[in-house]
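Okay, structure first, notes after.
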Amino acid sequence: MNFKHLHYFWTVARSGGVLRAAERLHVTPQTISGQLQLLEQRLGKKLFRKQGRRLELTEDGRTALRYADEIFSLGEQLEEAVARGDSGYAIEFRVGVADAVPKSLAYRLIEPAARLPEVGRMICREGKMDVLLSELAIHRLDLVIANVPMPTSLSVQAFNHKLGESGSSFFAAPALARRCKGRFPENLTGMPMLMPGHDSPLAGRLQRWLDRRGIVPRVVGEFDDSALMKAFGENGQGIFVSSSVLESEVEAQYGVRVLGRIDEVREEFFAISVERRLSHPCVIAITDKARGDLFTQARA
């Protein structure tokens with residue numbers, strides 16, 4: 001492949017048209033058009049279609065653009081490495097974090113990978129599970145961290161690697177905690193409760209546990225965003241639940257107290273990778289940390 005042709009294509013796609021690309025590259029529009037035709041002939045696919053007076057990427061064009069982004073990003077890293085005088089090859093690690101995973105836990109999982117000397121740049125994306133898995137499938141991500149395994153309904157060639165699991169702890173602001181009289185968990189009855197959103201796997205498990213124990217709290221809020229739920233809990237709006245493995249961080253960050261913990265309502269965490277047998281050094285660092293000591297407290 002002629003990478004000059006690819007660079008012309010990439011500039012057209014990112015500039016929004018042939019004329020703007022020609023201005024940026026200081027060549028004629030005819031030169032740009034000719035280079036695009038040669039690239040399309042090489043790939044055997046149309047990369048653009050005309051939409052009125054505009055050029056629009058085809059599906060194959062969007063795929064080519066994703067790879068071109070990676071190629072030229074790697075080129076920038078090469079220039080930076082040479083300018084710094086680095087003697088080793090620095091890799092780029094791209095990790096996606098499902099939006100339901102607590103940020104403090106995501107940090108503790110990813111941090112060992114960030115400390116590897118061969119990592120030159122780390123790119124973290126947050127989003128919905130299906131979007132992140134589609135990015136993983138086309139190799140725009142090296143790993144996805146999630147609190148559920150990859151759904152079997154998705155046609156993505158990837159593999160679940162369980163990192164660990166944790167029980168659940170109940171937290172309340174100090175003033176609210178003092179109102180919880182009696183033994184836990186019976187003292188939750190009648191108390192204001194902040195619940196995770198119904199799409200969260202934790203929500204169903206928590207509600208079933210409450211029903212089995214005959215505990216009827218007064219649900220005053222439901223949250224898809226766990227950080228927002230904790231912010232409301234911090235201000236005394238209600239009792240909330242979080243993974244027991246994060247007890248110390250939640251108490252320190254939000255100034256709340258642990259009312260009690262339960263082992264029956266557990267949350268699992270997974271690393272999802274296109275590799276069946278892990279070989280990426282960053283992914284290995286993450287799984288080793290998680291399976292080594294990160295979830296020890298939660299298993300105890």
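May I ask you to list the residues in the range 8-48 that are more than 25 Å from His139 (Cβ to Cβ) and either in contact with a strand residue (DSSP E or B) (Cβ under 9 Å, 6 or more places away or on another chain) or β-branched (Val, Ile, Thr) (or both)?
Gly16, Gly17, Val18, Val27, Thr28, Thr31, Ile32
For residues that are touching a residue at least 60 places away in the same chain (Cβ under 8 Å) and either farther than 22 Å from Glu268 by Cβ or aromatic (Phe, Trp, Tyr) (or both), scanning just the range 198-235, find the one that is surrounded by the most Cβ atoms within 10 Å (Cβ to Cβ).
Selected residue: Gly233.
Being among the β-branched types (Val, Ile, Thr) and either in contact with a strand residue (DSSP E or B) (Cβ under 8 Å, 6 or more places away or on another chain) or under 25 Å from Asn235 (Cβ atoms) (or both) narrows it down to one of Thr152, Thr189, so name that one. I'd like the intermediate steps shown before the answer.
Details: Thr152 fails: either in contact with a strand residue (DSSP E or B) (Cβ under 8 Å, 6 or more places away or on another chain) or under 25 Å from Asn235 (Cβ atoms) (or both).
Only one candidate passes the filter, namely Thr189.
State whether the residues of the range 136-143 include one that is exposed (fewer than 15 other Cβ atoms within 10 Å of the Cβ) and either in the same structural domain as Leu259 (by TED's automatic domain parsing) or of a type in the set (Lys, Arg) (or both). Break it down stepwise before answering.
In the first step, residues of the range 136-143 are kept if they are exposed (fewer than 15 other Cβ atoms within 10 Å of the Cβ); the result is 138-139.
If we keep only those that are either in the same structural domain as Leu259 (by TED's automatic domain parsing) or of a type in the set (Lys, Arg) (or both) as well, we get 138-139.
Scanning the range 136-143 turns up at least one residue that is exposed (fewer than 15 other Cβ atoms within 10 Å of the Cβ) and either in the same structural domain as Leu259 (by TED's automatic domain parsing) or of a type in the set (Lys, Arg) (or both).
Quick one: which residue in Gln41, Gln35 is loosely packed, with under 14 Cβ neighbours inside 10 Å and free of Cβ contacts under 8 Å to residues at least 40 places away in the same chain? Don't jump to the end; show me each part of the working.
On the way: Gln35 fails: loosely packed, with under 14 Cβ neighbours inside 10 Å.
One residue alone meets the criteria, Gln41.
Conditions: (1) surrounded by fewer than 16 Cβ atoms within 10 Å (Cβ to Cβ); (2) touching a strand residue (DSSP E or B) at 6+ places or on another chain (Cβ under 9 Å); (3) touching a residue at least 60 places away in the same chain (Cβ under 8 Å); (4) within 30 Å of Asn2 (Cβ to Cβ). Glu56 meets all but one. Number of the miss?
The one condition Glu56 does not meet is (3).
Can you report the number of residues in the range 153-210 which are part of a loop (DSSP other than H, G, I, E, B) and of a type in the set (A, V, I, L, M)? Spell out the reasoning first.
Looking only at the range 153-210, we keep the residues that are part of a loop (DSSP other than H, G, I, E, B), and these are 153-158, 173, 180-185, 189-191, 197-200.
Next, only the ones that are of a type in the set (A, V, I, L, M) stay: 154, 156, 158, 173, 191.
Total meeting the criteria: 5.
Name every residue in the range 103-152 that is within 10 Å of the chain's Cα centre (by Cα), assigned to a loop (DSSP other than H, G, I, E, B) and more than 19 Å from Ile284 (Cβ to Cβ), in order of residue number.
Lys128, the sole residue that qualifies.
Under 23 Å from the mean Cα position of the chain (by Cα) and in contact (Cβ under 8 Å) with a residue 12 or more places away in the chain: does that describe Ser244?
Values: under 23 Å from the mean Cα position of the chain (by Cα): yes; in contact (Cβ under 8 Å) with a residue 12 or more places away in the chain: yes.
For Ser244, the condition - under 23 Å from the mean Cα position of the chain (by Cα) and in contact (Cβ under 8 Å) with a residue 12 or more places away in the chain - is met.
The values are calculated or read from the model by the stated rules, or taken from the named source; none is laboratory data. What you see is a predicted model; the values in this text were computed from it and never measured. Every residue, glycine among them, receives a Cβ derived from its backbone with ideal geometry; neighbour counts consider all protein chains shown.
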